[in-house]
1. When you scan the stretch B:198-206, do you find a residue that is basic (Lys, Arg) and surrounded by 13 or more Cβ atoms within 10 Å (Cβ to Cβ), even just one?
2. Which of (1) modelled with pLDDT of 85 or more; (2) open to solvent by 50 Å² or more (accessible area, probe 1.4 Å); (3) within 22 Å of B:Leu12 (Cβ to Cβ) is the odd one out, the single condition B:Leu190 does not satisfy?
3. Conditions: (1) more than 10 Å from every other protein chain (Cβ to nearest Cβ); (2) open to solvent by 50 Å² or more (accessible area, probe 1.4 Å); (3) closer than 20 Å to B:Leu320 by Cβ. B:Leu219 meets all but one. Number of the miss?
4. Residue by residue through the stretch B:231-286, note down the ones that are hydroxyl-bearing (Ser, Thr, Tyr), under 14 Å from B:Val311 (Cβ atoms) and more than 12 Å from chain A (Cβ to nearest Cβ).
5. Return the total of residues in the stretch B:98-134 being within 60 Å of the chain's Cα centre (by Cα) and open to solvent by less than 20 Å² (accessible area, probe 1.4 Å).
6. Would you say A:Val77 is assigned by TED's automatic domain parsing to the domain that holds A:Val47 and either out of contact with any Asp or Glu (no Cβ under 6 Å at 6 or more places or on another chain) or open to solvent by less than 80 Å² (accessible area, probe 1.4 Å) (or both)?
7. Go through the stretch A:163-183 and report how many residues are open to solvent by less than 70 Å² (accessible area, probe 1.4 Å) and within 14 Å of another protein chain (Cβ to nearest Cβ).
8. Can you name the strands (runs of 3 or more DSSP E) wholly within the stretch A:41-151 that have at least 1 residues being within 14 Å of chain B (Cβ to nearest Cβ) and of a type in the set (Phe, Trp, Tyr)?
Amino acid sequence: MRVLIVEDDPMIARSLDRALTEAGMAVDRVATAADAAAALAIQEYSVVLLDLGLPDASGVELLRRLRANGNDTPSLVITARDDVAMRVAALDLGSDDYLVKPFHLDELLARIRAVLRRSQGRATGTVVAGEIQLDPATHEVSYRGTTAVLPAREFALLHALAERPGTILSRHQLETAIYDWGNEVESNAVDVLIHYVRKRFDKDVIRNLRGIGWTIPKAPR
Amino acid sequence: MRSLRARLLFGLFAILGATGLAVGTAAFFIDRGVIDGALDDELREIAQNVDPIEAARAESGRVVAEDIFVAAVWTATEHQGEADFVRPAVTGFDTVMAGGEEWRIYAEVRPERTVIGAQRMEVRRELVAVRAFEAVLPILAAVPIALLVVGWIVSRAMRPLDRLAAELPALGDRSAAIPTAGVPSEVLPLVVAMNDLLGRLKRQLEFRTRFVSDAAHELRTPLAALQLQLDAASAGGRDAVPADARASVARMSALVAQMLDLARAEAPGETRLAPLSLDEAVRSVVGELLPIAEAKGIDLGGDEAPAETFVLAEPADLHLLLRNLIDNAVRYTPPGGRVDLVAAADSGAVAFEVRDTGPGIPAAMLERVFDRFVRLDPDTAGTGLGLAIARAAAERMGATLAIRNREDGPGLVVRVRFAAAVRT
């Protein structure tokens with residue numbers, strides 16, 4: 001697996017380089033947007049770690065140019081800026097995830113794995129959230145080595161949660177998701193469906209927050 | 001004297017009073033001279049034109065009329081005897097004593113007879129005083145009227161200042177300028193200077209906020225490098241990096257993040273409030289804190305509400321407020337504890353409570369916990385900024401924050417009151 005680090009701060013770049021190399025990845029590093037564009041033009045990368053504050057152009061601008069040229073290398077934005085506008089801009093431009101400095105190495109590795117899984121999923125049409133993989137074409141769901149084909153309503157519920165891992169959905173939001181799939185909704189439908197899904201896989205597949213809603217965690221802990 | 005109005009009134013009243021008095025006095029003396037002269041003229045007229053028949057009937061040297069004016073006549077041959085008046089020797093005015101009283105006389109001395117016109121000085125003085133006073137009276141009457149008018153003009157001229165003084169406290173904390181419309185030209189430079197000062201103050205505030213924000217952002221990159229190096233080093237073996245070093249970096253990271261939040265919450269500028277779903281904001285914050293709560297085995301939740309609750313808020317401030325309150329609760333609640341999030345709507349307001357089963361706060365400290373960098377438990381990895389951020393964010397939205405200990409056991413309750421929003 002080949003990773004490109006686009007980071008102008010030498011300390012961060014060196015630390016990332018060493019850590020990712022130790023994790024078994026092949027690492028290239030550049031410090032400017034121009035060098036990054038050049039590297040991406042001649043080499044295929046599994047993932048790009050992109051700092052937004054580059055000396056010659058913003059990371060957002062680099063991302064925009066890459067996507068405009070049809071380059072869809074999975075990207076993970078790493079930045080010191082965490083204002084909402086910046087985050088939205090990066091994600092809108094096809095950044096796959098967003099990590100704010102400082103961060104733990106474990107988290108970075110988990111996010112890289114998630115980005116890779118999602119990009120592979122994109123290629124095959126599957127949805128990946130944490131430890132769950134869903135195939136909307138076949139309603140096939142895999143979780144911790146168990147694979148099963150789910151009935152429409154169970155799949156609809158799980159799909160709604162998996163589309164936005166880490167986001168809590170309320171009962172009403174889940175009901176709407178099931179309804180969208182063309183089914184009648186009874187008052188306890190959500191509880192029943194979740195009960196079935198948990199029985200099929202494991203209690204931990206869907207987390208419940210008392211009175212608030214349900215979620216699928218973003219990354220396994 | 002500190003009041004401009006009092007100074008003006010005092011000065012103007014003093015000048016008006018003094019002028020009135022001086023003009024009145026001068027007029028009195030001038031008029032008295034004029035009246036004196038007029039009376040003398042009358043006296044001479046009488047002396048020169050006494051009816052000869054009347055004069056002939058008069059006893060020599062006796063008073064012939066008991067009017068204001070009296071006359072005495074002497075013929076050429078008459079002997080004056082015990083006449084009241086001494087027969088004057090020359091023509092002209094004089095002041096003489098007669099019958100124990102003082103008289104002003106005019107004597108007309110002719111060969112055939114001598115006539116005097118006389119007037120009692122006492123009568124004459126009274127007459128002069130009364131007439132002179134009558135002449136001065138309008139001046140004296142004009143003074144109080146002028147004072148009233150001056151008082152009215154002064155208070156009218158001061159009205160723009162009064163208005164300005166009333167408007168100033170009404171200006172909001174974050175307002176940029178005092179309106180200059182209708183400000184008198186003398187006060188305008190003052191208002192312009194104050195606006196200039198306000199502008200500089202606002203820029204200073206912005207600069208401070210930006211500096212804190214920039215500094216915190218700049219700190220993030222070396223912190224990230226440090227964190228990565230620690231993580232890489234401890235990957236080699238558990239004891240490669242002391243736990244305290246890891247805790248210090250974690251604490252520093254939290255501090256930097258909270259400094260940014262505080263800078264954001266305290267940033268000057270108007271906040272635009274809109275009806276927002278409180279439930280949605282709570283879900284989003286709880287989603288962020290779920291990993292921490294799960295790791296500590298804390299039961300984080302609330303009562304399922306039958307309907308969505310809407311509040312008047314600003315998205316970023318609402319998120320900041322809720323995250324800091326719930327994060328605080330999760331942080332200070334011991335493992336296995338419970339954090340409840342409860343919303344209740346009452347007349348025109350929404351109360352949202354975060355109840356934890358942590359140690360609570362000593363009563364004496366309840367007020368101080370909103371101050372910056374106040375930490376109750378040095379062992380907990382808090383920054384002491386959480387509640388300060390929550391309060392700043394609440395203030396920006398016009399929401400109020402109240403904190404109390406639980407009555408049903410150890411734990412803290414933080415209550416936010418929002419203005420309720422009718423969903424449109």
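1. yes
2. Condition (3) is where B:Leu190 drops out.
3. (1)
4. Scanning the stretch B:231-286 gives a single hit, B:Thr271.
5. 2
6. yes
7. 11
8. Correct list: A:97-100.
The values are calculated or read from the model by the stated rules, or taken from the named source; none is laboratory data. All of these numbers come straight from a predicted model, not from anything done at the bench. Don't worry about glycine lacking a Cβ; one is built from the backbone with ideal geometry, like all the others, and counts go over all protein chains shown. Areas reflect the complete protein model, heavy atoms only, side chains present, ligands, DNA and RNA absent. Shrake-Rupley method; radii C 1.70, N 1.55, O 1.52, S 1.80 Å.
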